[in-house]
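S.K.: The structure's right below; bear with me while I get my questions together.
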Amino acid sequence: MSHDYLGNPVRSSEPLLLAGLNDFVGGFLAYESRAEHIVPVADANPGDVLANVYAGLLWMFLESPEGPVKARHYLELAQRQPAADDDAGVRAQWHLELLREWTAGDVPAVLVIADRLSDHFPHDLFVVKLQQYLEFNRGNSPQMLRAILKVLDANADVPHAHGLAAFAYEQCHLLADAEAAARRAIALQRKEPWAQHALAHVLLTQGRIDEGTAFMESVRDTWVGLNSFMVTHNWWHLAVFYLCRGRVAEALTIYDQQVWGVSKSYSQDQIGAVQLLARLEWAGADVGARWADLADHIAARGEDTVEPFLSLLYLYGLARAEQPQADALLAAIERQAAQAPAHSREVWAEVAVPAAQGLLAYARRDFERARKRLAAALPGLVGIGGSHAQRDLFHLLQLAAELNSGHLLAVQQALESRRLADPDDVVVNSILADVYARLGLPLQAQRAAARAQQLRAHQAT
C-alpha cells in the first residue's frame, strides 16, 4: 500500500500510476489541465480500481449527457476487480460506489457516500470538492461550508483547502471569513486560482471594485496551465470589474481574447460567454455578430437539461442569436420539470420553467411577459445553482425588462439599492440618469449623469 500526495491510502506504488493519481487529485483541486492525465493512465491500468474510478469521475464533470456514457466504461472496468479490505481497498470501493450512484443520477446518494469518505479519510480533498460541486449546483451553500470545515484542521497546510473554505464562506455571505480564508490560501501558494476567484467575489459583493480590479490584474500572470473553465472564469471576473467602471471596450477585448474561444465545446466556457455578452449589452455595448458564433456551438448540445442553471443560459444564448433551437430547449426544460428526479423536480418546475419562459420572452422583446416570468422565478433562483455573481444576471435582465416595459419605480428602487454597495457603478448611474429624467426628477437625473460622466473621465486618465 502507498499514499497519494495528500496522504490518502492507495493500493499501487507503481510510479507512473501513482503520478497519474496525483495529477488527477492535485490538478482537480488546482483547476489545472494535468487532471486529464488520469484517462491514459486508467487506459494503461484497467485493473486498478481507483484510476478507473477517477477517469469515470472526470467524464462526469463534462456536464453533458455524454458524460455518464463515457464514465460507465471506466465504471465497468473498476467493478470487475476484486474488493480489498485494507484502507486503500475500502477507500477505492467507496469511490466506486460514488461513481456508480452518480452515473445513475442519484445525487443524494452520492453526497451520503462522499460524507462517509471524508469522515474516514479527512485528507481526501477531492471528495470534499465533489461535495461542494454538487451542493453548489443545488444552491446549498451551508452544506458546502460544512463539507470543508469538518476537515479543515486536518488540511491546515494545504492551500486548496483554504480556497475551498473561502468560496463556501462567500456563498454563505460570510464575507470577512471568506476574505481571511482566501488570503490565507494565497499566502500559502500565490497560484491558488479558486481562492483568487473567491476573493474576487468578496470584493465585487462589497463594492470594492478598484481593489478587486487591481488584485485580479496582479495575479493574472498565474493563470497558466489551468483548465479552460478556471482561466476563462477568472478573466470573466476581471471583465465584470471593468464593466462596473464603464471600461466596456476592455471588457469586450477580454471576451474576444480570454473568455470565448479557449474550449468552445465546454459547458462552462459557453455559459461564461453567454453571461459576459449579456452583461456587455446591459452596459450598452454593441456586441455585433458575437451571439451567432456562440449560439452555433451551444446548438450542438441539442436539448441539454443536465443542470438547470446551464440550460437556462444555453437557452438565452440561442434566443439572443434568434436560433429556432431555443424553442426546442424550452420544451425540453418544460418536460424535465415533469420527469426530473424527485430531489430536483421542484426547482425545475417552479424556477427553471418560468425563468426560461422569461428569458425567451426578453430575447424576443416581449418585455411585459419577460418581467413577469422572470419575477416569478427570482425568489427561488438560488436552487438552480450558480454563484451569487452569476445569478445576478437574471436580476439584471429582469430589471431591463421592467425598464423596457415602463415600470420605472421598480428600476429606481433596485438601482439605488445597488448603489449602496457600489456608488461608482458607471452603468447603474447611467441608467439612473435616464430613469430619473423619465420620472420627472431632473435634478436627480443631472446628478446621476454627472456621476457617470465623472467616473468615465476618471477611467480615461
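S.K.: Check the straight Cα-Cα distances from Lys150 and name the lysines below 19 Å, setting aside those fewer than 8 residues away within the same chain.
M.R.: By straight Cα distance, Lys150 reaches Lys129.
S.K.: Please list, by residue number, every one of the GluC sites (Glu not before Pro) in region 350-429 that is coil in DSSP and has at most 15 other beta-carbon atoms within 10 Å.
M.R.: Filter output for region 350-429: empty list.
S.K.: Decide, for region 69-114, between rounded, prolate and oblate: order the square roots of the alpha carbon gyration tensor eigenvalues as a ≥ b ≥ c, take rounded if a/c falls under 1.5, and otherwise choose prolate if a/b is larger than b/c, else oblate. Let's see the in-between values first.
M.R.: Working: a/c = 3.29, a/b = 1.23, b/c = 2.67.
Oblate is the answer for region 69-114, as a/c is 1.5 or above yet b/c matches or exceeds a/b.
S.K.: Once amide H atoms are built 1.01 Å from N in the peptide plane, which residues 5 or more positions from Leu226, or in another chain, come under 5 Å H to H?
M.R.: Correct list: Ser33.
S.K.: Further question on the same structure: Convert each backbone phi in region 364-370 into a coupling constant with the Karplus relation 6.51 cos²θ - 1.76 cosθ + 1.60 (shift: θ = phi - 60°), then list the ³J(HN,Hα) values in order as whole Hz, x for Gly and Pro.
M.R.: For region 364-370, the Karplus-derived couplings read 9, 6, 8, 5, 5, 5, 4 Hz, x marking Gly and Pro.
S.K.: Let me check the size of region 1-155 from its C-alpha atoms; what are the radius of gyration and Dmax in Å?
M.R.: Here Rg and the maximum Cα pair distance are 14.3, 40 Å.
S.K.: Quick one: 3J(HN,Hα) in Hz for region 305-310, Karplus 6.51/-1.76/1.60 with θ = phi - 60°, rounded, Gly and Pro as x.
M.R.: 10, 5, 9, x, 4, 5
S.K.: In whole angstrom, how long is each semi-axis of the equivalent ellipsoid of the chain, when you take the square root of 5 times every eigenvalue of its Cα gyration tensor and sort them from largest down?
M.R.: 40, 25, 19
S.K.: What do you get for trypsin sites (Lys or Arg not before Pro) in region 302-375 restricted to DSSP loop and a cutoff of at most 14 other Cβ within 10 Å of the site's Cβ?
M.R.: Taking region 302-375 and a limit of 14 other Cβ atoms within 10 Å, the loop trypsin sites (Lys or Arg not before Pro) found are Arg364, Arg365.
S.K.: Here's another thing I want to ask about it. What does the C-alpha gyration tensor say about the overall shape of region 150-217? Classify as rounded when a/c is under 1.5, otherwise prolate if a/b is larger than b/c, or oblate.
M.R.: Because a/c hits 1.5 or more and a/b fails to exceed b/c, region 150-217 counts as oblate.
S.K.: Let me ask you something else. Can you tell me the FRET efficiency between His407 and His458 if r is taken as the Cβ-Cβ distance and R0 is 30 Å, rounded to the nearest 0.05?
M.R.: Efficiency at R0 = 30 Å is approximately 0.40.
S.K.: I need the Debye-formula profile for region 329-461: one equal scatterer per C-alpha, no solvent, reported as log10 I(q)/I(0) at q = 0.18, 0.19, 0.21 1/Å, two decimals.
M.R.: These q points yield log10 I(q)/I(0) values of -0.98, -1.04, -1.17.
S.K.: For a quick check: sort Tyr316, Tyr54 by the number of other beta carbons within 10 angstrom, fewest at the front.
M.R.: Taking fewest neighbouring Cβ atoms as first place, the list is Tyr54, Tyr316.
S.K.: Compute the Cα gyration tensor for region 407-460, then decide on rounded, prolate or oblate, letting a ≥ b ≥ c be the square roots of its eigenvalues: rounded whenever a/c is under 1.5, prolate when a/b is larger than b/c in the other cases, and oblate in all that remain.
M.R.: Verdict is oblate for region 407-460.
S.K.: Just to check I understand the Karplus step: with θ = phi - 60° and J = 6.51 cos²θ - 1.76 cosθ + 1.60, what whole-Hz values come out for region 130-137, glycine and proline as x?
M.R.: 4, 4, 4, 4, 5, 5, 4, 5
S.K.: Okay, next question. Would you mind computing Rg(Cα) / (2.2 N^0.38 Å) for region 105-244, counting N as its residues?
M.R.: 1.04
S.K.: Around Ser2, which amide H atoms from residues at least 5 apart in sequence, or from another chain, sit under 5 Å from its own amide H, with H modelled in the peptide plane?
M.R.: The list, which skips near neighbours in sequence, is Val10, Arg11, Ser12.
S.K.: Taking the Cα centre of the chain as the origin and placing charges on Cβ (Lys, Arg +1; Asp, Glu -1), which of Ala349, Ser118, His297 is farthest toward the positive end of the dipole?
M.R.: The one lying farthest along the dipole's positive direction is Ala349.
S.K.: If each residue's Cβ is checked for other Cβ atoms within 10 Å, how do Trp236, Trp223 rank with the fewest at the top?
M.R.: Going from least to most buried by this count: Trp223, Trp236.
S.K.: What order do you get for 39-45, 304-310 when each peptide is scored by the mean count of other beta carbon atoms within 10 Å, highest first? Please list the in-between numbers first.
M.R.: Working: 39-45: 17.9, 304-310: 22.7.
Final packing ranking: 304-310, 39-45.
S.K.: Between Asp210 and Arg365, what is the FRET efficiency for a Förster distance of 35 Å, r being their Cβ-Cβ separation, to the nearest 0.05?
M.R.: E(calc), rounded to 0.05, equals 0.50.
S.K.: Tell me the mean residue ellipticity at 222 nm calculated for the chain from its helices only (DSSP H runs of n ≥ 4, each -39500 (n - 2.57), averaged over every residue, nearest 500).
M.R.: -22500 deg cm²/dmol
S.K.: Report the equivalent ellipsoid semi-axes for region 249-375 in whole Å, largest first, defined as the square roots of five times the eigenvalues of the gyration tensor built from alpha carbon atoms.
M.R.: Working through the eigenvalues yields semi-axes of 25, 17, 12 Å.
Computed from the coordinates by the stated procedures, all read-outs in this text should not be read as laboratory data. Since this is a predicted model, take the numbers as computed values, not measurements. A quick note on method: Cβ atoms are made from the backbone with ideal geometry, for glycine too, and the neighbour counts reach across all protein chains shown.
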